[in-house]
């Protein structure tokens with residue numbers, strides 16, 4: 001095989017020469033088996049050579065990428081054809097960037113080549129369409145194929161974006177609702193046995209706040225399920241940051257994720273006021289705090305810090321555990337998770353979506369082994 005030898009973070013970077021590609025295309029074009037496959041398969045199908053480059057596609061693949069002529073795709077890799085935002089981050093293209101090591105399509109192709117058996121994975125692509133980006137979730141199946149002694153890969157792709165999104169949102173919704181209900185159960189049990197009138201009133205107020213969180217959670221989830229347009233009515237009011245910090249602390253008072261861990265919420269900017277929707281803001285911060293607590297070993301702590309300047313207030317949620325570098329480029333993708341439980345990684349996506357769409361915030365993060373992981377929510381004042 002001829003091609004470049006640029007560095008790769010994941011799959012082999014070498015690419016086939018134009019002469020090799022021409023030979024492979026001719027080989028498949030004149031083969032009745034591959035021709036029948038391309039004509040009969042209803043779903044999206046591409047045939048790749050040993051360097052993961054496209055040498056044939058069916059009509060559905062052309063329709064998916066909005067092209068009429070297959071010659072525009074020949075020699076491209078799947079991510080390049082589908083406009084994945086990571087496809088051109090390294091000179092050798094699709095499959096060679098840091099983000100590619102967690103790509104389901106690349107891993108399915110490599111597994112099929114290595115083990116010479118079909119491999120199936122879920123692939124979460126962030127694709128570029130003009131000036132915007134969006135998520136595309138594919139169920140990918142890579143099957144080895146030998147034609148006249150030369151190795152190829154049949155790559156079948158099924159768009160499961162909507163089904164995956166609904167499944168993830170259902171899991172997160174139930175997870176969040178259960179968290180609130182657990183708090184309600186604990187406070188109601190304590191209220192039932194409390195004899196001190198003052199303590200009873202405090203617990204009653206706490207229960208009322210949890211009920212409000214529950215109602216607002218249903219509204220937020222309904223908005224997320226509809227689409228990404230952020231049509232939820234935002235209720236902005238001037239609130240002291242002390243209230244935001246108190247609500248956040250209240251949510252995790254009896255949370256199992258906080259057991260044997262310290263949640264330190266600083267009181268800097270305690271008397272600062274901000275115009276925002278407190279329920280949406282607390283929802284965003286609670287997602288980030290929950291992620292941080294789940295990534296924190298027992299005995300360690302999670303910190304919530306607040307800073308301000310003339311124009312902005314910034315909340316920072318910090319924990320000591322670093323996010324692996326290969327996961328960082330995908331951390332805000334809707335269907336990506338570095339965790340074993342499907343759907344648990346949606347917290348960072350929803351935090352960014354709600355923050356930037358509804359509150360005009362900027363949600364960012366940085367993560368290193370030396371400094372730990374810090375998510376920032378910067379809000380206009």
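One table, with the values for the structure above:
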| quantity | calculated |
| --- | --- |
| Any chance residue 58 is surrounded by 15 or more Cβ atoms within 10 Å (Cβ to Cβ), over 24 Å from residue 96 (Cβ atoms) and modelled with pLDDT of 95 or more | yes |
| Residue count for the stretch 61-82, restricted to those that are in a loop (DSSP other than H, G, I, E, B) and at pLDDT 95 or above | 6 |
| Tally, over the stretch 277-296, of residues that are surrounded by fewer than 21 Cβ atoms within 10 Å (Cβ to Cβ) and in contact with a strand residue (DSSP E or B) (Cβ under 9 Å, 6 or more places away or on another chain) | 3 |
| Scan of the stretch 83-120 for residues that are under 26 Å from the mean Cα position of the chain (by Cα), surrounded by fewer than 17 Cβ atoms within 10 Å (Cβ to Cβ) and part of a helix (DSSP H, G or I), ordered by number | 111 |
| Residues satisfying the stated conditions in the stretch 72-130, i.e. touching a helix residue (DSSP H, G or I) at 6+ places or on another chain (Cβ under 9 Å) and either without any contact (Cβ under 8 Å) to a residue 12 or more places away in the chain or on the phi > 0 side of the Ramachandran plot (or both) | 72, 75, 83, 87, 88, 89, 93, 95 |
| Which numbered condition residue 274 fails, given (1) closer than 19 Å to residue 363 by Cα; (2) crowded, with 16+ Cβ neighbours inside 10 Å; (3) within 25 Å of the chain's Cα centre (by Cα) | (3) |
| Those residues of the stretch 255-271 which are over 27 Å from the mean Cα position of the chain (by Cα) and surrounded by fewer than 19 Cβ atoms within 10 Å (Cβ to Cβ), in sequence order | 260, 266, 267, 268, 270, 271 |
| Residue in the stretch 219-232 that is at pLDDT 85 or above, touching a strand residue (DSSP E or B) at 6+ places or on another chain (Cβ under 9 Å) and surrounded by 13 or more Cβ atoms within 10 Å (Cβ to Cβ) present | no |
| Selection count where residues are closer than 17 Å to residue 380 by Cα and at pLDDT below 90, scope the stretch 238-269 | 1 |
| Some residue of the stretch 95-102 being in the same structural domain as residue 73 (by TED's automatic domain parsing) and touching a strand residue (DSSP E or B) at 6+ places or on another chain (Cβ under 7 Å) | no |
| Candidates 298, 325 - the one that is assigned to a loop (DSSP other than H, G, I, E, B) and at pLDDT 90 or above | 298 |
| Given (1) at pLDDT 90 or above; (2) outside any helix (DSSP H, G or I); (3) surrounded by fewer than 19 Cβ atoms within 10 Å (Cβ to Cβ), index of the condition residue 22 fails | (2) |
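The values are calculated or read from the model by the stated rules, or taken from the named source; none is laboratory data. The structure presented is a predicted model; accordingly, all values stated were derived computationally and were not measured. Quick reminder, even Gly has a Cβ in these numbers, built from the backbone with ideal geometry, and neighbours come from all protein chains shown.
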